Amino acid sequence: MSKNTKIMLVFGGFVTAVAAAFYPIFFYPLTHKDEYKVQKVNRAGINQADVQPAGKCELLSACLYSLHTVHTNS
């Protein structure tokens, strides 16, 4: 087997592996859009503010600040 044939087989195998990895992530949902419209129907009556209220970021930043001060004072 020549060197060019081996290189082409390795390159072709790599392209095949990448394509096989992207199929369930990108191409399947792109070609089966009707299966993913159910999610829109299921979330129709949900208010995002009720599920995830605002203000969590302030709590997180206060927690991170307290952790930072504990570690710097130790």
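The values are calculated or read from the model by the stated rules, or taken from the named source; none is laboratory data. Values in this document were obtained by computation on a predicted structure and should not be read as measured data. Methodologically, a virtual Cβ is constructed for each residue, glycine included, from the backbone with ideal geometry; neighbour enumeration extends over all protein chains shown.
Taken together, 56, 3 contain a single residue that is surrounded by fewer than 10 Cβ atoms within 10 Å (Cβ to Cβ), at pLDDT 85 or above and more than 19 Å from the chain's Cα centre (by Cα), which is 3.
Scan (1) surrounded by 10 or more Cβ atoms within 10 Å (Cβ to Cβ); (2) at pLDDT 75 or above; (3) of a type outside the set (Phe, Trp, Tyr) for the single condition residue 43 breaks and write down its number. Of (1) surrounded by 10 or more Cβ atoms within 10 Å (Cβ to Cβ); (2) at pLDDT 75 or above; (3) of a type outside the set (Phe, Trp, Tyr), only one is false for residue 43: (2).
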